[in-house]
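Read the structure below first, then the notes.
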Amino acid sequence: MRAASQVLEEHRVELSTLDREIGDGDHGENMNRGFGALVTALERDAPDSPGGVLKLAATTLISKVGGAAGPLYGTAFLRAATAVKDAAELDADLVAKALRAALDGVVARGKAELGDKTMVDALLPAVRAAEEAAGRGEDVPTLLKAAAEAAAEGADSTVLLVARKGRASYLGERSVGHLDPGARSTSLLLRTFADVASGVR
Amino acid sequence: MKKIINDPSTVVEESLRGMASAHPDLIRVQLDPAVVVRADAPVSRKVAIISGGGAGHEPMHGGFVGKGMLDAACPGHVFTSPTPDQVQAALAMTDGGVGALLIVKNYTGDVLNFETAAELAEADGVEVRTVVIDDDVAVTDSLYTAGRRGVGGTLLLEKIVGAAAERGVDLDGCEALARKVVAQVRSMGLALASGIVPHAGVPSFTLADDEIELGIGIHGEPGRRRVPLGTADEMVKSLLDPILEDLPFAEGDRVLLFTNSMGGTPLIELYLAHGIAERLLAERGVVVERRLVGPFVTSLEMQGMSLTLLKLDDELVDLWDAPVHTAALRWGV
């Protein structure tokens, strides 16, 4: 989570610029503020289980991010926390389960489908890749790497899509040619989790 | 960017502090989480009327908090919806024991955050109803977008439902009235020049010197199309026609006409435009019984205007005329 906060700080301007092109220009600010608050909360009182950290991430993001991203990422982390329950450590199966639960939460709240030019376009392929990796018996770093690569590809695919959800949807055809900022932040987060799991960060 | 600010990240907080010191008789302001609440809250046995949304639309919503209108407003960051903890705090500070009505403008973020807050409040045993306002006729394709946006009609909704709640109408009655207003109000706006979001530092969109965005949203969302700058007569007609066709408003209808500045258009132009709208409505046989003119639902310093028409009956006229005492609207007191 600390690494995620750092990455979002580094990409704050990029995400807000993407958002200004097809939204309202605040996605970078909002995500940076939310994850900054999460780091502060973790420093104050870090939960001792992965599920506890995910739940703290959920409540902090819901109350600090605002916009659509707050409830959507908050719900994602909350469902992931519920999926891993009180496991002391996460194996590949649990990580895949947590990602699937996160996706289901985002879809339930945001009602977006694949191809609507939203974070679902990054998260859904990532979940599929993670489940395939878990099925092959891969370890957690390999699974997260596969998920991150699928998410990056999924995020890139949003450039060609017409937005059908959120504020970008008012642009209609004019949204084509722009990367969706929510898909980009999802891809950045998964890349960071993969890097941390494999010891790169 | 030239603005009277210290730091983009503290604009909302500093502005709220200033607002609190300007209107100590009307409101109290809590900063974390941010809530503007009427000075005498909670009012016992009165339905609490609560709204909120991103900052940058002042005086909406904080300027509408007070007797006869809102019990509380939850301001988000600039153009960013408020968070559920703000709404929960507002519910707690205004709880008169007979439930609360949330008035939410139809934007993805606002709806998601208020929905989450309502779920949490219900778990705590507070009766909460939500009414979403979506009066912007500029959005024609509701199937493949997030739907019509809440714009100028929001003010009329908050005034009318606020008046009813002040008179002791119960939660069911307030909700039914709110749905009636939503069904009868339509708006559309246009922009000549973009506002500048403080933390962005650059205009949200760019228009050529001879170009306007017809159907603009209050966060600078695009409208129906970009068209060449016309005369005031042409611009007002281009807003009024789609509004009239949409409901539709018919000859003999009684209406409230709200001519709104997006922030950067001065009153001299706004009155000019209002006069044109009144004339065009008279030509159609639509009877303007009440009017409001001014910068009330703004988009920072955006140059532009919007028109809102609400179909009136005796009940709505009576509630519109009822006393209101807020920072932005005051009559009958």
Could you list, ordered by first residue, the pairs with Cβ atoms under 9 Å in which the first is in region B:314-333 and at pLDDT below 95 and the second is assigned to a strand (DSSP E or B), at least 6 apart or interchain?
B:VAL333/B:LYS67; B:VAL333/B:VAL324; B:VAL333/B:HIS325
Out of region A:54-66, which residues are over 17 Å from A:GLY105 (Cβ atoms) and either touching a Pro at 6+ places or on another chain (Cβ under 6 Å) or assigned to a loop (DSSP other than H, G, I, E, B) (or both)?
A:GLY66
What number of residues within region A:58-92 are surrounded by fewer than 24 Cβ atoms within 10 Å (Cβ to Cβ) and at the interface with chain B (Cβ under 7 Å from one of its Cβ atoms)?
2
I'd like the full set of residues that are part of a strand (DSSP E or B) and within 14 Å of the chain's Cα centre (by Cα), limited to region B:77-106.
B:LEU102, B:ILE103, B:VAL104, B:LYS105
Note down all Cβ pairs under 8 Å where the first residue falls in region A:55-74 and is farther than 10 Å from A:PHE35 by Cα, the second is β-branched (Val, Ile, Thr) and outside any helix (DSSP H, G or I), and they're at least six residues apart or on different chains.
A:ILE62/B:THR83; A:SER63/B:THR83; A:GLY66/B:THR80; A:GLY66/B:THR83; A:GLY67/B:THR80; A:GLY70/B:THR83; A:TYR73/A:VAL65; A:GLY74/A:VAL65
Within region B:107-123, can one find any residue that is assigned to a loop (DSSP other than H, G, I, E, B), among the acidic types (Asp, Glu) and either within 18 Å of the chain's Cα centre (by Cα) or away from chain A (no Cβ under 14 Å) (or both)?
no
Note on region A:172-185: residues within 11 Å of chain B (Cβ to nearest Cβ), surrounded by 20 or more Cβ atoms within 10 Å (Cβ to Cβ) and more than 10 Å from A:THR118 (Cα to Cα) are A:SER175
Residues of region A:102-121 satisfying the condition of being more than 12 Å from chain B (Cβ to nearest Cβ) and over 20 Å from A:ALA81 (Cα atoms)
A:LEU114, A:ASP121
Filtering region B:74-106 down to residues that are among the polar types (S, T, N, Q) and more than 14 Å from every other protein chain (Cβ to nearest Cβ) yields B:THR94
So is B:ALA165 at pLDDT 95 or above, away from chain A (no Cβ under 14 Å) and out of contact with any helix residue (DSSP H, G or I) (no Cβ under 7 Å at 6 or more places or on another chain) or not?
no
How many residues does region B:285-318 hold that are surrounded by fewer than 16 Cβ atoms within 10 Å (Cβ to Cβ) and assigned to a helix (DSSP H, G or I)?
4
Taking the stated definitions as given, is A:THR118 crowded, with 24+ Cβ neighbours inside 10 Å, of a type in the set (S, T, N, Q), touching a residue at least 12 places away in the same chain (Cβ under 8 Å) and assigned to a loop (DSSP other than H, G, I, E, B)?
yes
Residue set B:HIS274, B:HIS219; condition surrounded by 14 or more Cβ atoms within 10 Å (Cβ to Cβ) and within 14 Å of another protein chain (Cβ to nearest Cβ); output residue B:HIS219
Taking B:VAL202 and the conditions (1) within 11 Å of chain A (Cβ to nearest Cβ); (2) within 21 Å of the chain's Cα centre (by Cα), which numbered condition does it fall short on, given that it satisfies the others?
(2)
Report, by residue number, each residue of region A:157-171 that is more than 7 Å from chain B (Cβ to nearest Cβ), in a helix (DSSP H, G or I) and either in contact with a Cys (Cβ under 8 Å, 6 or more places away or on another chain) or surrounded by fewer than 20 Cβ atoms within 10 Å (Cβ to Cβ) (or both).
A:SER157, A:VAL159, A:LEU160
Take region A:17-40 and flag every residue that is surrounded by 24 or more Cβ atoms within 10 Å (Cβ to Cβ), within 11 Å of another protein chain (Cβ to nearest Cβ) and either in contact (Cβ under 8 Å) with a residue 24 or more places away in the chain or part of a helix (DSSP H, G or I) (or both).
A:ASP19, A:ILE22, A:GLY23, A:ASP24, A:ASP26, A:HIS27, A:GLY28, A:GLU29, A:ASN30, A:GLY34
Which condition from (1) within 24 Å of B:GLY217 (Cα to Cα); (2) more than 10 Å from chain B (Cβ to nearest Cβ) is the one that A:ARG44 breaks?
(1)
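The values are calculated or read from the model by the stated rules, or taken from the named source; none is laboratory data. A quick note: this is a predicted structure, and the numbers were derived from the prediction, not measured. Please note: Cβ atoms are built from the backbone with ideal geometry, for glycine as well, and neighbour counts cover all protein chains shown.
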